[in-house]
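Student: The following block contains the structure, expressed as structure tokens.
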Amino acid sequence: MNRIAFTLTVNAMACEVVAEPRKLLSDVLREDLRLTGTHVGCEHGVCGACTVLVDGAPARACLIFAIQMQCREITTVEGLTPAEGLSPLQQALHEEHGLQCGYCTPGIITTFEAFLRENPKPTDDEIREVLSGNLCRCTGYANIVRAIRKAAQIMRKGTAA
Amino acid sequence: MKPAKFEYHKPETLDEALTLLAEYGDEARVIAGGQSLVPMMNIRLARPDHLIDINGIDDLSQIRLENGSVAIGALVRHREIEHSAQLAQACPPLPAAACNIGHYALRARGTIGGSLALADPAAEFPLMATLLDAEFVARSGAGERSVPSHEFFVSVFTTALEPEEILTAVRFRTLAQSEGWGFRWFSRRVGDYALVNAAAIVALKDEGRIHRIAMVLGGVGATPVRLTGLEQESVGAEASAGWVREISSAAAARVEPGGDKHASAEYRRELVELLLAGALEDAIDRCRGRQAA
Ligand SMILES: Cc1cc2nc3c(=O)[nH]c(=O)nc-3n(C[C@H](O)[C@H](O)[C@H](O)COP(=O)(O)OP(=O)(O)OC[C@H]3O[C@@H](n4cnc5c(N)ncnc54)[C@H](O)[C@@H]3O)c2cc1C
Ligand code: FES
Ligand code: FES
């Protein structure tokens, strides 16, 4: 095995990793750093469950080798969760029944943290277009769209205040 | 399944990358966005011994307008093309193509160079490169060469790039004021590759006759198919609804799409007729200024 030591910045913390170059970011996050909020569904880039933020932009953790991420800022769902309580997006998903099993939820939270920053007032069509990259086998999506719309509203008020 | 073992290289300059490629040849693969290569490595369809990560090379990420053309660096991400005000102005088919690729998160990482080097015959950028007479700039240790789009795409997932070459930039022609464009596609789910796609550029002269025309189809052969014969026959024709119907059904009769589990050849032929007609209608409408850019 050609294991290599390197440093990753995850949720604003420097983390020492010793891993083979072939190890996917999703596996390093889950197995080496025990950040199991990042889920793994397909490892093809299709399902979106593994989505994290790289320098604030959404990225499939299953399509990146961890070793590529030195000098980058990685944010996972854990890093988007306040020390107390829930983020506006998490709270809205809870209130609007935007999840059942929760498998897809971390990927939806990371994706829409990035998207709502870029587009704070999206239309339902825009929400649905972006949501098409996150497969949910439980909810039928309607409540997720409602939750995202609600979160956007709350986040707009938050930044206005 | 997990990727097979490889050695990881992260060159900081193009020259360093080219030296590595010269040394390892076809045992090496370049990784750009990784949005096509890593899925293939995850199922071990690809198992390079050496992975050369070009993401640290700065000078491959520029969009430069030149006289009558625009040069796009190989590392420019799909989402930069999608949101480029410069391109929306000078070459609007490119942003239209970019915003249709895969999903939001994929567009943040995937690169135009990766998409073109991959050469999926239903992908958006190969279609547009064929429409816009692109010139591909390929570099190796031995120097630089320029390859026209009709020579670049050789077959499914096969291009004219040599193993020791890196695609550094692609030059597309820009659109003239007098030209209108259209792009239509069909896929069953948002984010999937199109079953068939079609794009066209039209310039009209007095009384609405075709002055110049370019038409291309994707998903109907091993590479994007430029309808050169039909283009020549169309010059001088009146750009009427009847002509659009005629030319689209002629195109459907001439292409030889394959059938597979996603769609039969017959169904793809029907899509060609429908989508090319739509692309031509949009192009003609934009030409006549009936549609906003
Ligand atoms: C779920 C999913 C849906 C998708 N849907 C679409 C779609 O609808 N339309 C579409 O067009 N694409 C789609 N893609 C593919 C996506 O656009 C990729 O980003 C793109 O095809 C490859 O770009 P990349 O930068 O990720 O390349 P990589 O995956 O890094 O590389 C792809 C290939 O090109 C080679 N390569 C990369 N850069 C260079 C270079 N500069 N010089 C020489 N060789 C190079 C690599 O060695 C590799 O063989 C999809 C991907 C996924 C996972
Ligand atoms: S596990 Fe990464 S997209 Fe499905
Ligand atoms: S809540 Fe179960 S997959 Fe989305």
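Values in this text are rule-based calculations from the coordinates and carry no lab data. These numbers come from a predicted model, not from an experiment. A quick note on method: Cβ atoms are made from the backbone with ideal geometry, for glycine too, and the neighbour counts reach across all protein chains shown.
Student: What lysines could a cross-link reach from A:K23, if we take a straight Cα to Cα line under 20 Å and drop same-chain neighbours fewer than 8 places away?
Tutor: B:K2, B:K5, B:K10
Student: Let me make sure I get this right: for chain A, a, b and c are the square roots of the gyration tensor eigenvalues over alpha carbons, sorted descending. Under 1.5 in a/c it's rounded, otherwise prolate if a/b > b/c, else oblate. Which is it? Kindly include the intermediate steps, with their values, before the conclusion.
Tutor: On the way: a/c = 2.17, a/b = 1.69, b/c = 1.28.
Judged from the Cα gyration tensor, chain A comes out prolate (a/c at least 1.5, a/b above b/c).
Student: So what's the angle, to the nearest 10 degrees on a 0 to 90 scale, between helix B:14-24 and the longest Cα principal axis of chain B?
Tutor: 70 degrees
Student: I've got another one for you. Take the eigenvalues of the Cα gyration tensor for the range B:1-51, scale each by 5, and report the square roots as semi-axes in whole Å, largest first. Each step should come with its number before you reach the end.
Tutor: Values: eigenvalues 84, 26, 13 Å².
That gives 20, 11, 8 Å for the three semi-axes.
Student: Related question: In whole Å, what is the distance between the alpha-carbon centres of the range A:33-78 and the range A:130-161?
Tutor: Going from one Cα centre to the other spans 20 Å.
Student: Right, next: Just going by the charge dipole of the protein assembly as shown, with Lys and Arg at +1 and Asp and Glu at -1 on Cβ, which of A:T123, B:A85, B:A32 is farthest out on the positive end?
Tutor: A:T123
Student: Ranked by Cβ crowding within 10 angstrom, fewest neighbours first, how are B:E135, A:E43 ordered?
Tutor: Working: B:E135 18, A:E43 24.
Lowest to highest Cβ neighbour count: B:E135, A:E43.
Student: Where does chain A land at 222 nm, in deg cm²/dmol rounded to the nearest 500, when only DSSP H runs of n ≥ 4 count, each adding -39500 (n - 2.57), divided by all residues? Before the final figure, lay out the partial values.
Tutor: Numbers: 4 runs with 49 residues, N = 161.
The per-residue figure over chain A is -9500 deg cm²/dmol.
Student: Quick one: 3J(HN,Hα) in Hz for the range B:169-179, Karplus 6.51/-1.76/1.60 with θ = phi - 60°, rounded, Gly and Pro as x.
Tutor: With the stated coefficients, the range B:169-179 comes to 7, 10, 10, 10, 6, 8, 8, 7, 3, 7, 9 Hz.
Student: Roughly how large, in nm² to one decimal, is the mean projection of the convex hull of the alpha-carbon atoms in the range B:180-292? Don't skip to the answer; put the middle values down first.
Tutor: Working: hull surface 28.0 nm².
Its average projected convex-hull area is 7.0 nm².
Student: A further question follows. HN-Hα J couplings of the range B:262-274 from phi, Karplus 6.51/-1.76/1.60, θ = phi - 60°, integer Hz, Gly and Pro as x?
Tutor: For the range B:262-274, the Karplus-derived couplings read 7, 6, 6, 4, 4, 5, 4, 4, 5, 5, 4, 4, 5 Hz, x marking Gly and Pro.
Student: Turning to a different aspect of this structure: First select every other residue whose beta carbon is under 13 angstrom from the beta carbon of B:F152; then total the charges, Lys and Arg +1, Asp and Glu -1. Intermediate results must be reported in sequence, preceding the final value.
Tutor: Working: positive: B:R145, B:R171, B:R226; negative: B:D133, B:E135, B:E151, B:E162, B:E165.
Result for the local shell: -2.
Student: In what sequence do B:H103, B:H211, A:H97 fall when counting other Cβ within 10 Å, fewest first? Walk me through the numbers on the way to the answer.
Tutor: On the way: B:H103 25, B:H211 16, A:H97 13.
The most exposed by this proxy come first: A:H97, B:H211, B:H103.
Student: Using each residue's phi in the range B:214-221, evaluate 6.51 cos²θ - 1.76 cosθ + 1.60 at θ = phi - 60° and report the 3J(HN,Hα) Karplus result to the nearest Hz, with x for Gly and Pro.
Tutor: Result, rounded to whole Hz: 9, 9, 9, 10, x, x, 10, x.
Student: Could you pull out every residue, at least 5 positions away or on a different chain, whose amide H is within less than 5 Å of the one on A:G98? Hs are placed 1.01 Å off N in the peptide plane, and Pro or chain starts have none.
Tutor: Here the answer is none, since no amide H 5 or more places off falls under 5 Å of that of A:G98.
Student: Something else now. For the range B:15-149, what value does the Rg/Rh ratio take when both radii are computed over Cα atoms and Rh is the Kirkwood radius, given to two decimals? Write down the numbers at each step before the final one.
Tutor: Working: Rg = 15.0 Å, Rh = 15.7 Å.
The Rg/Rh ratio comes out at 0.96.
Student: Measure off 7 Å from each Cα along the Cα-to-Cβ vector at B:E27 and B:A222, then give the distance between these two points in nanometres to one decimal.
Tutor: Those two pseudo-labels are separated by 3.0 nm.
Student: Here is a follow-up. Work out Dmax and Rg for the protein assembly as shown from the C-alpha atoms and quote the Rg first, both in angstrom.
Tutor: 23.1, 72
Student: Using just the helices of chain B, give the 222 nm mean residue ellipticity in deg cm²/dmol: DSSP H runs with n ≥ 4 each add -39,500 (n - 2.57), and the total is spread over all residues, rounded to 500.
Tutor: Working: 12 runs with 104 residues, N = 293.
Here the helix-only value at 222 nm equals -10000 deg cm²/dmol.
Student: Same structure, new question: Would you mind pulling out the separation of the Cα centroids of the range B:25-101 and the range B:182-210, in Å?
Tutor: One Cα centre to the other: 23 Å.
Student: Follow-up question, since we're still on this one. Sequence-distant or interchain residues sharing an amide H contact under 5 Å with B:F6, placed H: which?
Tutor: So B:F6 has HN proximity to A:R22.
Student: I need to check one value: relative contact order of the range A:88-160, counting alpha carbon pairs closer than 8 Å and at least 6 residues apart, in percent. Don't skip to the end; give the middle numbers.
Tutor: Values: 68 pairs, mean separation 39.6, N = 73.
The value is 54 percent.
Student: Report the extension gain between A:A14 and A:D32 in nm, rounded to one decimal, defined as 0.36 nm multiplied by the number of residues separating them, less their alpha carbon distance. Mind showing how you got there, number by number?
Tutor: Numbers: separation 18, 0.36 × 18 = 6.48 nm, distance 1.33 nm.
In short, 5.1 nm is gained.
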